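The block underneath contains the structure these notes are about, expressed in structure tokens.
The values are calculated or read from the model by the stated rules, or taken from the named source; none is laboratory data. Predicted model, so just to flag it, every value in this text is computed and none were measured. Positions of Cβ are backbone-derived with ideal geometry, glycine not excepted, and every protein chain shown enters the neighbour counts. The protein model used for the area step is the full one, side chains on, heavy atoms only, and it has no ligands, DNA or RNA in it. Shrake-Rupley method; radii C 1.70, N 1.55, O 1.52, S 1.80 Å.
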Amino acid sequence: MPDGSTVTEADILEMFGAFGDNEIFRRFLRDMAAQDIRLYFQASNERDRQLIRGGHARVLYFISLITKSNERRKRNKG
């Protein structure tokens with residue numbers, strides 16, 4: 001982590017695994033991604049579009065962490 005935190009990748013996957021069980025949270029992330037796409041096309045300048053792209057990429061990264069964590073749990077159970 002940039003601030004020198006001791007959070008590990010395993011900690012992050014565990015956190016997103018817990019959130020991944022919550023369908024409302026996953027729907028919230030998907031809704032945020034869809035909203036980012038709408039905002040991108042409404043943006044009036046390149047700086048705003050870059051900020052929106054960054055937010056959109058972050059949400060997609062969180063969704064991928066949830067998927068990765070859920071897959072890891074399924075492998076460990078099976």
Original post:
How about region 42-68: which of its residues are assigned to a helix (DSSP H, G or I), open to solvent by 90 Å² or more (accessible area, probe 1.4 Å) and over 30 Å from residue 14 (Cβ atoms)?
Top reply: 42, 47, 50
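Mind checking which residues of region 1-30 are of a type in the set (S, T, N, Q) and either modelled with pLDDT of 80 or more or open to solvent by 80 Å² or more (accessible area, probe 1.4 Å) (or both)? Full working, then the answer.
At the first step, the residues of region 1-30 found to be of a type in the set (S, T, N, Q) are 5-6, 8, 22.
Those that are of a type in the set (S, T, N, Q) and either modelled with pLDDT of 80 or more or open to solvent by 80 Å² or more (accessible area, probe 1.4 Å) (or both): 6, 8, 22.
Quick check on my filter: what residues within region 31-41 are surrounded by fewer than 14 Cβ atoms within 10 Å (Cβ to Cβ) and touching a residue at least 12 places away in the same chain (Cβ under 8 Å)?
Of everything in region 31-41, just one residue is surrounded by fewer than 14 Cβ atoms within 10 Å (Cβ to Cβ) and touching a residue at least 12 places away in the same chain (Cβ under 8 Å), namely 37.
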